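Taking it in order: structure first as structure tokens, then the write-up.
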């Protein structure tokens with residue numbers, strides 16, 4: 001399987017997991033942009049917006065990582081995430097940029113749900 005097809009397959013798996021949790025999710029097919037998937041949960045008092053970079057095998061690093069961190073710092077209400085799908089994995093490994101650092105390297109999606117407080121702060 002070529003890398004483009006593998007990436008699209010991982011993005012579709014990501015969409016399915018998010019939609020199962022009640023998110024409205026879309027992907028940017030064949031984009032070379034910063035994020036592959038956007039997800040919104042607008043059922044609460046404040047909408048939860050997740051920007052997700054989907055990877056197969058390796059985490060983001062270097063300039064691409066710096067761009068994700070800059071986006072997170074400049075958009076404090078957004079959840080900036082990296083999802084890494086290992087071969088044959090049923091769930092991704094998830095990292096979330098929060099409080100100036102990446103957390104949750106080994107967290108799985110079913111453990112990863114945000115709660116938004118009245119002041120707009122988010123917690124996992």
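Within the set 59, 83, the sole residue that is assigned to a loop (DSSP other than H, G, I, E, B) and either touching a helix residue (DSSP H, G or I) at 6+ places or on another chain (Cβ under 9 Å) or surrounded by fewer than 17 Cβ atoms within 10 Å (Cβ to Cβ) (or both) turns out to be 59.
Determine whether residue 76 is farther than 26 Å from residue 2 by Cα, in a loop (DSSP other than H, G, I, E, B) and free of Cβ contacts under 8 Å to residues at least 60 places away in the same chain. So residue 76 fits the description; yes. Within region 1-24, the residues that satisfy the criterion of being closer than 14 Å to residue 52 by Cβ and in a helix (DSSP H, G or I) are 7, 10, 11, 12, 13, 14, 15, 16, 17, 18, 19. For the residues 71, 35, the requirement of being at pLDDT 90 or above, touching a helix residue (DSSP H, G or I) at 6+ places or on another chain (Cβ under 9 Å) and not in a strand (DSSP E or B) singles out 35. Looking only at residues in region 18-56 that are out of contact with any strand residue (DSSP E or B) (no Cβ under 9 Å at 6 or more places or on another chain) and within 17 Å of residue 6 (Cα to Cα), which one is surrounded by the most Cβ atoms within 10 Å (Cβ to Cβ)? Looking at residues that are out of contact with any strand residue (DSSP E or B) (no Cβ under 9 Å at 6 or more places or on another chain) and within 17 Å of residue 6 (Cα to Cα), I get 29.
The values are calculated or read from the model by the stated rules, or taken from the named source; none is laboratory data. On a predicted model such as this, the values are computed, not experimentally measured, just so you know. Every residue, glycine among them, receives a Cβ derived from its backbone with ideal geometry; neighbour counts consider all protein chains shown.
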